[in-house]
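Participant: Encoded as structure tokens, here's the structure I'll be asking about.
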Amino acid sequence: MSRTRTIVLGWTAALVLAGGFAALGSWQAGRAGEKQAQLDAAAAVLAARDAVPLAAAADPARGRALDWSAGRGTFADTGAFLLDNQRQDGQVGVRAYRVFMPASGTPLLVDLGWLPLGERRALPDVPRPDGVLELRGLLAPPPSPGLRLGPGIAQAGDGWLLTRIEPARVAAAAGLAGIAPRVLRLDPALPLGHARDLEVLANTLPPEKHVGYAVQWFGLAATVLAVAGVLAWRARRKGTTQ
């Protein structure tokens, strides 16, 4: 193989590898931007707290948006939905949800907060709050589902254990025709439910982590090109001295 062809093949491999690293860096940078936008949107909504009706949870045009919301209704007697693998202060537990029937609008899931798992992963009891209640909180998309393995829902006593929240499956389990795509994350100031906050990026990487990974990938891309350049220069220099 000629030296020229070797150099061409080397540069081709280097450009492909560097391009792959740069693409990964761009993806990480994009995720950082998306998550920072989520944080900014949440900060604006929580600062204003201009409440929209609970019926807004079912608005398909706002399916990925954040809104402060308030309204009256009752909790359905359908059992609790427990989202598995939820961490708080380094401890693994579940996040408890129950179906709420607003005075007007589509039923929706209400996030009642985090609970630790008992010994041998014993699931906690989540009693149904009684009576007509006035709720308020943050309407938000359900937690990110991650890998979609298996059905994602299983009967657990009087309720269900979830690995992800899929409104259609939740509605079917609860015997409902449908359920809103957004959930209500209760205001922590309400004397109802369990340990909770309004952190929108819980159990996921913050923007600064994505920025750090992006810098690493871009650095690897630059390193590959630098090494390829040095090797090509040495090969040409060797050729001119022979």
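Participant: Could you please tell me which pairs satisfy a Cβ distance under 9 Å, a separation of 6+ or placement on different chains, a first residue in the range 227-242 that is assigned by TED's automatic domain parsing to the domain that holds Leu17 and among the β-branched types (Val, Ile, Thr), and a second residue that is modelled with pLDDT of 70 or more and assigned to a helix (DSSP H, G or I)?
Facilitator: Short answer, once both residue conditions are applied: Val227/Ala14.
Participant: Still on this model: If a residue has to be farther than 14 Å from Trp27 by Cβ and at pLDDT below 90 to count, how many in the range 192-226 make the cut?
Facilitator: Count: 18.
Participant: So Leu201 fits all but one of (1) surrounded by fewer than 13 Cβ atoms within 10 Å (Cβ to Cβ); (2) outside the structural domain of Gln86 (by TED's automatic domain parsing); what number is the exception?
Facilitator: Leu201 satisfies every listed condition except (1).
Participant: Name the residues in the range 92-112 that are surrounded by fewer than 21 Cβ atoms within 10 Å (Cβ to Cβ) and in contact with a strand residue (DSSP E or B) (Cβ under 6 Å, 6 or more places away or on another chain), would you?
Facilitator: Met101, Ala103
Participant: Can you pull out the residues in the range 54-91 that are out of contact with any Asp or Glu (no Cβ under 7 Å at 6 or more places or on another chain) and in a helix (DSSP H, G or I)?
Facilitator: If the condition is that a residue be out of contact with any Asp or Glu (no Cβ under 7 Å at 6 or more places or on another chain) and in a helix (DSSP H, G or I), then Leu54, Ala55, Ala57, Ala58, Pro60, Ala61, Arg62 are the ones that fit.
Participant: Leu109 fails exactly one of the following numbered conditions: (1) touching a helix residue (DSSP H, G or I) at 6+ places or on another chain (Cβ under 7 Å); (2) more than 17 Å from Gly193 (Cα to Cα). What is the number of that condition?
Facilitator: Condition (2) is where Leu109 drops out.
Participant: Take the range 167-194 and flag every residue that is within 19 Å of the chain's Cα centre (by Cα) and of a type in the set (A, V, I, L, M).
Facilitator: Once the filter is applied, which keeps residues that are within 19 Å of the chain's Cα centre (by Cα) and of a type in the set (A, V, I, L, M), the range 167-194 yields Ala168, Val170, Ala180, Val183, Leu184, Leu186.
Participant: From Ala57, Ala23, Ala44, Ala76, grab the single residue that is in contact with a strand residue (DSSP E or B) (Cβ under 8 Å, 6 or more places away or on another chain) and surrounded by fewer than 20 Cβ atoms within 10 Å (Cβ to Cβ).
Facilitator: Ala76
Participant: In addition: How many residues, within the range 169-215, are in a helix (DSSP H, G or I) and over 21 Å from Asp130 (Cβ atoms)?
Facilitator: Kept after step one, since they are in a helix (DSSP H, G or I), are these residues of the range 169-215: 169-174, 207-215.
From what's left, over 21 Å from Asp130 (Cβ atoms): 169-173, 207-215.
Within the range 169-215, residues that are in a helix (DSSP H, G or I) and over 21 Å from Asp130 (Cβ atoms) number 14.
Participant: What single numbered condition from (1) within 19 Å of the chain's Cα centre (by Cα); (2) over 23 Å from Arg136 (Cβ atoms) fails to hold for Ala18?
Facilitator: Evaluating Ala18 over (1) within 19 Å of the chain's Cα centre (by Cα); (2) over 23 Å from Arg136 (Cβ atoms) leaves (1) as the failure.
The values are calculated or read from the model by the stated rules, or taken from the named source; none is laboratory data. These figures come from a predicted structure and were not determined experimentally. Please note: Cβ atoms are built from the backbone with ideal geometry, for glycine as well, and neighbour counts cover all protein chains shown.
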